[in-house]
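Read the structure below first, then the notes.
The values are calculated or read from the model by the stated rules, or taken from the named source; none is laboratory data. Owing to the predicted nature of the structure, the values given are computational and were not obtained by experimental measurement. In this analysis, Cβ positions are derived from the backbone assuming ideal geometry, glycine residues included, and neighbour counts consider all displayed protein chains. These accessible areas exclude ligands, DNA and RNA; they are computed on the full protein's heavy atoms, side chains included. Shrake-Rupley method; radii C 1.70, N 1.55, O 1.52, S 1.80 Å.
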2 protein chains.
Amino acid sequence: MAPPSLDLTQDTRHRLLEAALLVFAEKGYDGAGIREIAQRAQANSALVTYHFGGKEGLYREALRSIHDRKVSAVAGLPPPPEPGDPGARETAIQGMKDYIRAFVTDLMSCPAESEVDAAAMALIGREIQMPHPVSAPVLVEFARPYMERVLALLRILCPGEDDEARLRATLSIQGQILHFRNSLGFIRLLSGDPEFPKDLEALIQHFIAFSLRGLGLPEAFPPPRS
Amino acid sequence: MAPPSLDLTQDTRHRLLEAALLVFAEKGYDGAGIREIAQRAQANSALVTYHFGGKEGLYREALRSIHDRKVSAVAGLPPPPEPGDPGARETAIQGMKDYIRAFVTDLMSCPAESEVDAAAMALIGREIQMPHPVSAPVLVEFARPYMERVLALLRILCPGEDDEARLRATLSIQGQILHFRNSLGFIRLLSGDPEFPKDLEALIQHFIAFSLRGLGLPEAFPPPRS
DNA sequence: TTGACTGAATCAAACGATTGATTAATATTG
DNA sequence: CAATATTAATCAATCGTTTGATTCAGTCAA
């Protein structure tokens, strides 16, 4: 294993944050040691206490730093239509398609692009499933925009349902995608196909079709072609 | 925190396994210590090595023991129909409804029933997302029957799709449910409703309707009432 | 000189593992 | 049957290692 040193032109604090993302994502909070993190950042382990007040502070700041790492594709989407707008329903259907594509894109920024970004998303996925006590506030702030957007779209697409039904639908839409992302390693192990999924665009189309049909929108049924 | 002692009439080996499920589920492999596990089992920590060869062996055996803890509701289902059977399609639709209900039941054996069973399912969920190297074989064996059943049903319900499309559909069906189970704590935090979901039967009906419609089965669309 | 920063050395605490002694139950023998 | 040998199970004590945290002499730009 070659020593995977990070960009030394960045200041030490920043290098520590990136190394922390990598190691925490790979080994979890308890499994990661500040010595290993410091070594990856080519820094001294004492700097963890100096810059962040300790391992916990480093973890919290590393999670926070994910916000700044990349502009979310979802954040760049136009705001969802209001219930009164003309053509709100058609706009909302297109908005849902765009959202699902952006959500998958956000989550699958996978290793090709940036090793650190991929680690950041893996960390987020892990934290959603089992939040570390320290990370809960950061995590809620991170996830809320995603949640709110889908709920806003569903208020137009499923006006007859109650709030809990819309929450269930939101969770089904995001859950299938999040589970796919979080357990991809296991899925590859189980299916015996180490390079699944071969076709990312087909995957996005599947999520769009499955979700729109799942919501029971007559416009989306059948067939799945759209 | 009262000392949560386990049933002392069971032999020590069994008590250690149950305590291991509780502590590993709560803190993960690295976060859990054999001292704490032994203390919960009211046993000596040296017995971990004596009975299981070490912490790793205890972890492996604890995961294995989940098989024996409770008979899976899915395992009790009748076998899925063969593609040639008369009325195979109707049988398969009903089979999918029964499967989803049984799957949710398996996963949500939540704390009311047995604290240890709930911990066991939490551990499975954690392992699916980030498998410990030691646990991969046990985990694959655990998950395969669930996977195979859905794929068998989809071979009847979606005969036109290719294998990868059916795998995607399987993952969407199971993913929404697994994600729901795994991140329930986070969802309650995010939605601000600490007792979500209030209605388990409505949740099951939602998963059934969302999945059948998502698959694009004309019989299931619309409306979701079935 | 001062203040920000560095890093080798070190700390107490917790870790998993091992030891040797002890008990209790079973098997073997006289 | 009684005495002895064998084995599995359990224990307190301790091993060496690793952990996160701390110290402190030293560097370097302002």
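For the range B:54-62, the criterion of a residue being at pLDDT 95 or above, open to solvent by less than 60 Å² (accessible area, probe 1.4 Å) and away from DNA strand C (no atom under 16 Å from the Cβ) is satisfied by no position. The lone criterion from (1) facing chain B (nearest Cβ under 7 Å); (2) under 30 Å from A:Pro79 (Cβ atoms) left unmet by A:Leu157 is number (1). Just one residue in the set B:Asp199, B:Asp163, B:Asp193 is open to solvent by 80 Å² or more (accessible area, probe 1.4 Å) and facing chain A (nearest Cβ under 10 Å); that residue is B:Asp163. Of the residues screened, B:Pro86 is not one that is open to solvent by less than 60 Å² (accessible area, probe 1.4 Å), away from DNA strand C (no atom under 13 Å from the Cβ) and not small (Gly, Ala, Ser). Within the range B:31-43, the residues that satisfy the criterion of being crowded, with 16+ Cβ neighbours inside 10 Å and either part of a helix (DSSP H, G or I) or near DNA strand D (Cβ under 10 Å from one of its atoms) (or both) are B:Ile34, B:Glu36, B:Ile37, B:Ala38, B:Gln39, B:Arg40, B:Ala41, B:Ala43.
Selection within the range B:9-30: residues that are free of Cβ contacts under 8 Å to residues at least 40 places away in the same chain and surrounded by fewer than 18 Cβ atoms within 10 Å (Cβ to Cβ). The member of this set that is farthest from DNA strand D (Cβ to nearest atom) is B:Lys27.
Screening the candidates B:Ala73, B:Ala92, B:Ala46 for the property of being aliphatic (A, V, I, L, M), more than 14 Å from chain A (Cβ to nearest Cβ), within 23 Å of B:Phe210 (Cα to Cα) and open to solvent by 10 Å² or more (accessible area, probe 1.4 Å) yields one hit, B:Ala73. Only a single item in (1) within 21 Å of B:Ser183 (Cα to Cα); (2) at the interface with chain B (Cβ under 8 Å from one of its Cβ atoms) is not met by A:Leu123, and it is number (2).
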